[in-house]
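These notes concern the structure reproduced below.
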Amino acid sequence: MALSIYSVVFAACVVFVLNVVIKTQLQRRKMPPGPPGIPLLGNALQLPSAFPWLKFTEWSKQYGPIYSLNLAGTPVVILNTFKTAADLMDRRSNIYSDRPRLIMASEILTGGIFMIFTKYGDVWRKMRRASHEEFSIRGCEKFQGQQHEEAALSVLDILETPDEWQDCLKRSTASNILTAVYGRERLTPKDKPLITRIHAHTARIAGAVVPGAYLVEIFPFMKHFPTWMAKWKKDGLDWYKRETDMFEKLCDDIDTQKHSFVRGLKENQARHGLTKPEAAWLAGIMFSAGAETTLGTLFNFVLAMTLYPNVMKRAQAEIDSVVGRDRLPNFDDKPRLPYIRAMVKESLRWRPVGPVAVPRRTTEARDDYYNGYLIPKGTTVIPNIWRVFFPMSAPWAMNHDPELYPDFEEFRPDRFLDESGQKDNVPPDTHEMGHGTFGFGRRICVGYNFANQVLFIQMAMMLWAFNFEAPLDDSGQPIVPDRSATIDAGVVVLPAPFKTKITPRSPDVPSTIRQELEHLGAL
Ligand code: HEM
């Protein structure tokens with residue numbers, strides 16, 4: 001009798017597993033082509049845990065602009081061109097705007113109100129509307145004064161400690177965001193504990209997203225375990241409470257005399273309808289989402305300046321002819337600095353700090369079809385924005401698409417200018433930006449206007465003030481940085497540490513910066 005119960009249970013399991021395998025295989029046949037996998041696990045074991053986007057690009061060579069994977073039963077679609085991304089994420093955004101479920105990172109550690117992971121629903125809509133208002137192109141103009149001052153101060157910092165240029169930029173990008181969000185004064189060493197705390201918060205969330213970090217992602221029923229038998233859940237909920245207190249306190253303490261994101265949220269609270277914790281977490285995410293991404297892009301810019309002296313000289317010539325040497329560049333110069341505008345685009349295209357943006361999930365409402373292929377409901381959709389490292393016969397990765405950028409590995413800003421060299425010229429389906437680094441559709445980066453402004457003024461000021469060159473070794477040979485070495489820093493991918501020699505372009509650089517800062521009342 002006992003044997004027959006076991007036999008029945010065993011047979012039921014076999015039928016269940018076979019059913020899943022057959023269903024998955026039948027579904028896969030209708031989906032875009034892709035590498036064959038093994039039963040149940042599909043392609044899960046073929047994907048390396050480090051730099052998986054390199055594998056995505058390698059597969060794209062074989063399977064083209066859109067292909068599919070099966071990651072242990074989860075259907076995944078990889079998009080490798082701007083057109084496929086725009087067709088789906090821009091033009092069918094009602095289906096493609098959700099995020100994959102992240103139980104630990106989104107539902108437990110951040111209470112479901114960490115905007116970047118939030119489900120495509122009412123909370124996200126409220127947050128998106130409120131943040132879009134403050135960070136729209138018009139909204140961002142209010143931050144230009146502060147960004148100008150911050151860029152000038154950071155250039156002065158670099159001038160005084162050129163070997164610590166990375167720390168100087170780190171402080172200035174952090175300062176930019178915290179000043180805009182909370183109306184704080186420029187960061188000083190006494191703010192270090194706060195910055196360390198926010199960085200630890202970001203690192204904790206990034207760690208929770210790593211595949212395999214928490215079993216609950218594979219066995220979702222574990223979310224319902226009581227906290228006494230699930231320490232990971234208790235810790236996560238404790239962190240959520242502690243960090244809610246931290247973000248709420250930061251909002252309570254804002255300087256109401258200064259323009260800031262939080263002041264705007266408070267003034268429009270009734271219209272936005274955000275609860276106190278939702279508003280506090282919305283403000284809090286801006287640092288996690290905006291500081292390291294902007295910083296990484298500036299590191300890539302410095303790398304490019306070190307590798308491409310001719311590009312640097314052309315940019316400096318443009319600045320000198322428009323701005324001159326008696327004052328610093330400012331935002332009013334932007335319309336007359338097309339090459340610098342193109343340089344911002346090229347820095348974001350050349351080395352995107354987020355190789356696969358933030359993955360999406362199709363809504364559960366219905367299956368979709370694209371070019372005759374099935375994209376089942378609940379599919380994870382990954383835009384492959386990354387680049388290729390070496391010439392391939394047919395690589396597909398959006399920012400390094402050889403059909404749009406034949407010399408894709410070169411840093412060449414004038415690819416984004418028309419023949420006159422004055423007007424912007426960008427490929428279609430890139431939101432007029434020339435790259436996919438800020439993502440697509442309704443969930444495109446809400447801070448991109450803010451980031452573009454910071455990048456523009458920071459690059460313009462650095463090029464006005466400095467020359468960058470590869471330093472020499474003991475035998476007088478230039479130490480050329482490795483252009484392809486990268487490190488995965490959790491939230492972003494950065495260039496591996498490299499050295500650059502930074503020198504002022506003329507002896508009066510320090511006095512001109514000081515004069516301007518004194519005039520602004522910033523010194
Ligand atoms: C170079 C700098 C930046 C890069 C490369 C970047 C990139 C991205 C990407 C790829 C996404 C996901 C888009 C998608 O799903 O299609 C995103 C989302 C987001 N970004 Fe940025 N970002 C940058 C700067 C900023 C800044 C400065 C802020 C805030 C001031 C910010 C706030 C956000 C937020 C809140 C989201 C979530 C949007 C949503 O889910 O609706 N980002 N960003």
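The values are calculated or read from the model by the stated rules, or taken from the named source; none is laboratory data. It should be emphasised that the depicted structure is a prediction, and the values quoted were computed from it without experimental measurement. Cβ coordinates were reconstructed from backbone atoms using ideal geometry, including for glycine residues, and neighbour counts include every protein chain displayed. Just the protein is used for accessible areas: all its heavy atoms, side chains included, with ligands, DNA and RNA removed. Shrake-Rupley method; radii C 1.70, N 1.55, O 1.52, S 1.80 Å.
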Let me spell it out: the conditions are (1) within 11 Å of the ligand (Cβ to nearest atom); (2) over 26 Å from G264 (Cα atoms); (3) touching a strand residue (DSSP E or B) at 6+ places or on another chain (Cβ under 9 Å); (4) open to solvent by 40 Å² or more (accessible area, probe 1.4 Å), and K119 meets all of them except one. Which number is the exception?
(2)
Is it the case that M343 is more than 18 Å from Q458 (Cβ to Cβ) and within 16 Å of the ligand (Cβ to nearest atom)?
no
Taking the conditions exactly as written (within 18 Å of T110 (Cα to Cα) and in a loop (DSSP other than H, G, I, E, B)), does A213 satisfy them or not?
yes
Can you find, within region 127-148, the residue that is farthest from the ligand (Cβ to nearest atom) among those that are surrounded by 21 or more Cβ atoms within 10 Å (Cβ to Cβ), over 14 Å from F456 (Cβ atoms) and of a type outside the set (S, T, N, Q)?
A130
The conditions are (1) under 30 Å from S97 (Cα atoms); (2) of a type in the set (V, I, T); (3) surrounded by fewer than 18 Cβ atoms within 10 Å (Cβ to Cβ); (4) modelled with pLDDT of 95 or more, and I479 fails exactly one of them. Which is it?
(1)
Checking P510 against (1) surrounded by fewer than 20 Cβ atoms within 10 Å (Cβ to Cβ); (2) assigned to a loop (DSSP other than H, G, I, E, B); (3) at pLDDT 95 or above, only one condition comes out false. Which one?
(2)
Among the residues of region 76-109, how many are over 19 Å from the mean Cα position of the chain (by Cα) and either within 13 Å of the ligand (Cβ to nearest atom) or in a strand (DSSP E or B) (or both)?
4
Sole exception among (1) within 24 Å of H148 (Cβ to Cβ); (2) touching a helix residue (DSSP H, G or I) at 6+ places or on another chain (Cβ under 8 Å); (3) away from the ligand (no atom under 16 Å from the Cβ); (4) of a type outside the set (A, V, I, L, M, F, W, C) for P335, by number
(2)
So A315, is it closer than 24 Å to A451 by Cβ, of a type outside the set (S, T, Y) and under 25 Å from the mean Cα position of the chain (by Cα)
no
Within region 170-218, restricting attention to residues that are of a type in the set (K, R) and over 15 Å from L153 (Cβ atoms), which residue is least open to solvent (accessible area, probe 1.4 Å)?
R204
With under 24 Å from the mean Cα position of the chain (by Cα), at pLDDT 90 or above and within 16 Å of the ligand (Cβ to nearest atom) as the only criterion, which of A180, A208, A200, A213 stands out?
A180
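Using the structure shown, decide if F247 is within 16 Å of the ligand (Cβ to nearest atom), free of Cβ contacts under 8 Å to residues at least 60 places away in the same chain and assigned to a helix (DSSP H, G or I).
Working: within 16 Å of the ligand (Cβ to nearest atom): yes; free of Cβ contacts under 8 Å to residues at least 60 places away in the same chain: yes; assigned to a helix (DSSP H, G or I): yes.
Yes.
Checking the conditions here, which among F408, F438 is open to solvent by less than 70 Å² (accessible area, probe 1.4 Å), of a type outside the set (V, I, T) and away from the ligand (no atom under 16 Å from the Cβ)? Spell out how you get there, then give the answer.
Numbers: F438 fails: away from the ligand (no atom under 16 Å from the Cβ).
Matching residue, one of F408, F438: F408.
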By residue number, the members of region 361-375 that are crowded, with 19+ Cβ neighbours inside 10 Å and either assigned to a loop (DSSP other than H, G, I, E, B) or under 14 Å from the mean Cα position of the chain (by Cα) (or both) are T362
Those residues of region 28-53 which are open to solvent by 60 Å² or more (accessible area, probe 1.4 Å) and part of a helix (DSSP H, G or I), in sequence order:
R29, K30, L45, Q46
Could you grab me the full set of residues in region 85-110 that are free of Cβ contacts under 8 Å to residues at least 40 places away in the same chain and either open to solvent by 30 Å² or more (accessible area, probe 1.4 Å) or not small (G, A, S) (or both)?
R91
Just wondering, is there one or more residues in region 264-282 that are within 16 Å of the ligand (Cβ to nearest atom) and in contact with a Gly (Cβ under 6 Å, 6 or more places away or on another chain)?
no
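Please work out if N399 is over 24 Å from K499 (Cα atoms), within 16 Å of the ligand (Cβ to nearest atom), in contact with a His (Cβ under 6 Å, 6 or more places away or on another chain) and not hydrophobic (A, V, I, L, M, F, W, C). It would help to see each step written out before you state the result.
Details: over 24 Å from K499 (Cα atoms): yes; within 16 Å of the ligand (Cβ to nearest atom): yes; in contact with a His (Cβ under 6 Å, 6 or more places away or on another chain): yes; not hydrophobic (A, V, I, L, M, F, W, C): yes.
Taking the combined requirement at face value, the residue satisfies it.
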Take P383 and tell me if it is open to solvent by 20 Å² or more (accessible area, probe 1.4 Å), closer than 30 Å to M31 by Cβ and within 16 Å of the ligand (Cβ to nearest atom).
no
